[in-house]
1. Would you mind giving the average projected area, over all directions, of the Cα convex hull of the chain in nm² with one decimal?
2. For Cys14 and Gln85, what is the calculated FRET efficiency with R₀ set at 35 Å and r taken between the beta-carbons, to the nearest 0.05?
3. May I ask you to derive the relative contact order of the chain, considering only C-alpha pairs under 8 Å and at least 6 residues apart, and to give it as an integer percent?
4. Given q = 0.14, 0.19, 0.25 Å⁻¹, what are the Debye log10 I(q)/I(0) values for region 41-96, with equal point scatterers placed on the Cα positions and solvent ignored?
5. Any idea what angle helix 45-61 forms with the longest principal axis of the chain, computed on alpha-carbon atoms, 0 to 90 degrees, nearest 10?
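Readers should treat all values here as calculations from the given coordinates under stated rules, not as data from a laboratory. Just so we're clear, the structure is a prediction, and the values are computed from it rather than from any experiment. Every residue, glycine among them, receives a Cβ derived from its backbone with ideal geometry; neighbour counts consider all protein chains shown.
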Amino acid sequence: MIDGRLLRTDKKMCHLKGRQIEKISAWLKSEFFKIADEKQRKPTKSEIDRITEKVYEKIEEAQIWIPYYEVRRYMSSRQTRFWNQWLKQKNEHDSE
């Protein structure tokens with residue numbers, strides 16, 4: 001119990017509300033795109049860890065309780081999707 005609230009220590013992404021998941025996903029995608037734009041390549045594992053750390057700070061500020069390893073696992077599951085979206089966006093931008 002923390003601050004009079006019972007916290008579930010084994011919480012998973014699927015236990016969050018839809019808008020919380022959307023917010024976290026948007027933050028992860030935004031940070032992923034920043035690195036991809038800067039480096040013009042897929043982020044490395046250490047860069048993915050930094051992305052996750054930055055987003056986890058935002059999650060804590062928003063007072064969303066989710067363990068760090070769950071956010072990292074979610075990021076790993078979305079990494080290819082984010083990369084493909086970045087490539088598509090880049091190709092559309094280059095063709096204009």
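1. 6.9 nm²
2. Efficiency, from the Cβ-Cβ distance: 0.95.
3. After rounding, I find 36 percent.
4. Taking Cα atoms of region 41-96 as identical point scatterers yields -0.47, -0.73, -0.98.
5. 50 degrees
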